[in-house]
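Report on the following structure.
The values are calculated or read from the model by the stated rules, or taken from the named source; none is laboratory data. Keep in mind that this is a model prediction, so the values were computed, not measured. Cβ atoms come from the backbone with ideal geometry, glycine included; neighbour counts cover every protein chain shown.
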There are 2 protein chains.
Amino acid sequence: MVTKWFVGVDLGGTTIKLAFVDPYGDIIFKGEVPTNTTNGGTNITTDIAKWIDQALEHLGVSKDRLHSIGMGAPGFINMETGYIYQAVNIGWKDFHLKDRLEMDTSLPVTIDNDANIAALGEMWRGAGNGAKNLLCVTLGTGVGGGVIVNGSIVHGVNGMAGEIGHITAIPKGGFPCNCGKAGCLETISSATGISRIAKEFVSDFPNSLLANGNINAKMVFEAAEKNDECALKVIDHITYYLGFALANLANSLNPEKIVIGGGVSKAGETLLKPLENHFQLFVLPRVAQSVSIVPATLGNDAGVIGGAWLAKTKNR
Amino acid sequence: MVTKWFVGVDLGGTTIKLAFVDPYGDIIFKGEVPTNTTNGGTNITTDIAKWIDQALEHLGVSKDRLHSIGMGAPGFINMETGYIYQAVNIGWKDFHLKDRLEMDTSLPVTIDNDANIAALGEMWRGAGNGAKNLLCVTLGTGVGGGVIVNGSIVHGVNGMAGEIGHITAIPKGGFPCNCGKAGCLETISSATGISRIAKEFVSDFPNSLLANGNINAKMVFEAAEKNDECALKVIDHITYYLGFALANLANSLNPEKIVIGGGVSKAGETLLKPLENHFQLFVLPRVAQSVSIVPATLGNDAGVIGGAWLAKTKNR
């Protein structure tokens, strides 16, 4: 018997990542196409269908090799129906994503949130390493998250679960967040937050490596590796609040792994070591014993692998 | 066909509550026996077996009417094996609870944490009212919790999930907690915390109703109902931190209900109204839309009804 492949699709604001993935989580073939946001994003499902057909032709494989599609999308989604209420960056509003993609591809489709499928990918083949209770945090322009309990994504009552970035880390006097609140973790531990805080701190450190010109998160971590006092203070600050928020979540959910991904996580130990120290201040001893904070390992492939997992588990 | 009954057992430090519960969650017959902690708690399973036999005799019903037992116990438990690592108040250490109770009763047994079965009871027949995503918080001598996702208790990797009382609410300079950390929610929003904080605050309010003698949590709520300024300040303080902790959890889990139980919850609106106001400060708008904070409704019956639910769902 020939094993079937799953199609993992990870939709972002600029590109769509796609892959054929075998039942063991290995990528057979992958590619990407630009996200066409013209005409309210209505060409996207056709673009996906075309990529699939071209990829099959390129591989010389017939379509019945494909089992189903698992796709991650940004925005507010009804996971059960695959209906998109709104996805601002894509241009979708009240869009029947699942139904349209099924019509265009003639394959069964399951839809979930983009942060969630990345978490599933890390659980299956990445840093999760078999752990079925994990928290995934993505530190990028914003702070995203996925909560996995007993091997399944927690969606909550209307799909909003996992909004770790909007945990209030500074209850009084925090920086205003895009969500309308203030002091959210996203205003502190995202690349944007790190750069803002560094700009604020640097005025007290005229001799810092960061003292001249613009500052981004990468520069802060590079300066910290050279023991720059200002940069170390910034990292201490942002990991303190991240450790606080993650420990509180760990006390409530008792996860086995906390997986840190996104651009900021590339800083490696420069980020993870102070994070671990601050996390320990706030976590219950028995919870601490059984959890480890680890960097994400799949990079850009997390989404397509997680999409394939979704297809594999939901379309049996 | 005669419907079978489930035996719900809720073990506390002073009494064991027991009930026969039908498949629809109605209590057929209930009772309680003192918790015998002598001899390392080894008589407890026999006491349960005896109560069951006597209750059946009293009702004139044969034992094959009983389907199985669901039991909640305090302490550190392996939920899969029903093995108790330690339950200090009971006297158990390395105790095969499930196996012993099965031997004594000849019925299949499922064991879970006491806070968790209370949460299941509220989900099934109490304030949860059909919601399958809920947080339950018990404000008593301590602060306990149960997290339910998709209708199942979240246990985490080693059964420690739901420790809502040990969410750090005051990250710096908080009051020391029994767990070894400081500033835990339990040090603030428990009956013990409320009484401690009131004693602290009252020195600034010599004319307060609380100014003379000892203060307990009940007195604080009674004084607040009479608009006592000090009592209102105490309640504002403790609901601020409770609202903060619960909103952060809600942002991560997107529950439909937050059920507040335990002795302190008897204060009703005097507690819930300021809690709701503070919760709103920290919760994401879309999460806020779909969640309600409600008082527990089953009182002392929550545990036995939840135990029956556990038996019903786990021993099919």
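List of remarks:
- For the range B:1-55, a residue qualifies if it is assigned to a loop (DSSP other than H, G, I, E, B) and under 23 Å from B:GLY121 (Cα atoms), and the qualifying residues are B:THR3, B:LYS4, B:GLY12, B:GLY13, B:THR14, B:ASP22, B:PRO23, B:TYR24, B:GLY25, B:ASP26, B:THR35.
- Of all residues in the range B:280-301, those that are within 17 Å of B:VAL143 (Cα to Cα) and in contact with a strand residue (DSSP E or B) (Cβ under 7 Å, 6 or more places away or on another chain) total 5.
- Hits in the range A:86-100 (condition: under 22 Å from the mean Cα position of the chain (by Cα) and surrounded by 21 or more Cβ atoms within 10 Å (Cβ to Cβ)): A:ALA87, A:ILE90, A:TRP92, A:LEU97, A:LYS98
- Residue list for the range A:206-265, filter: in a loop (DSSP other than H, G, I, E, B), within 13 Å of chain B (Cβ to nearest Cβ) and either surrounded by fewer than 21 Cβ atoms within 10 Å (Cβ to Cβ) or hydroxyl-bearing (Ser, Thr, Tyr) (or both): A:GLU256
- Every residue from the range A:160-180 that is more than 7 Å from every other protein chain (Cβ to nearest Cβ) and out of contact with any strand residue (DSSP E or B) (no Cβ under 6 Å at 6 or more places or on another chain): A:ALA169, A:ILE170, A:LYS172, A:GLY173, A:PHE175, A:ASN178
Per-residue answers, yes or no, for (1) in the same structural domain as B:LYS218 (by TED's automatic domain parsing); (2) free of Cβ contacts under 8 Å to residues at least 12 places away in the same chain; (3) charged (D, E, K, R):
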| position | (1), (2), (3) |
| --- | --- |
| B:SER68 | no, no, no |
| B:THR81 | no, no, no |
| B:ASN89 | no, no, no |
| B:LEU101 | no, no, no |
| B:LEU120 | no, no, no |
| B:VAL137 | yes, no, no |
| B:ILE148 | yes, no, no |
| B:GLY159 | yes, no, no |
| B:GLU163 | yes, no, yes |
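- Here B:ALA223 passes the criteria (1) in contact (Cβ under 8 Å) with a residue 12 or more places away in the chain; (2) more than 20 Å from the chain's Cα centre (by Cα); (3) on the phi > 0 side of the Ramachandran plot except the one numbered (3).
- Flag: A:VAL7 does not match the condition of being touching a Gly at 6+ places or on another chain (Cβ under 6 Å), surrounded by 21 or more Cβ atoms within 10 Å (Cβ to Cβ) and of a type in the set (Val, Ile, Thr).
- Residue count for the range A:266-293, restricted to those that are facing chain B (nearest Cβ under 9 Å) and either of a type outside the set (S, T, N, Q) or under 25 Å from A:CYS230 (Cβ atoms) (or both): 8
- Single residue of A:GLY25, A:GLY31 found to be over 17 Å from A:LYS98 (Cα atoms), in contact with a Phe, Trp or Tyr (Cβ under 9 Å, 6 or more places away or on another chain) and in contact (Cβ under 8 Å) with a residue 60 or more places away in the chain: A:GLY25
- Residue within the range B:159-177 that is assigned to a helix (DSSP H, G or I), under 17 Å from B:GLY261 (Cβ atoms) and of a type outside the set (Ser, Thr, Tyr) present: yes
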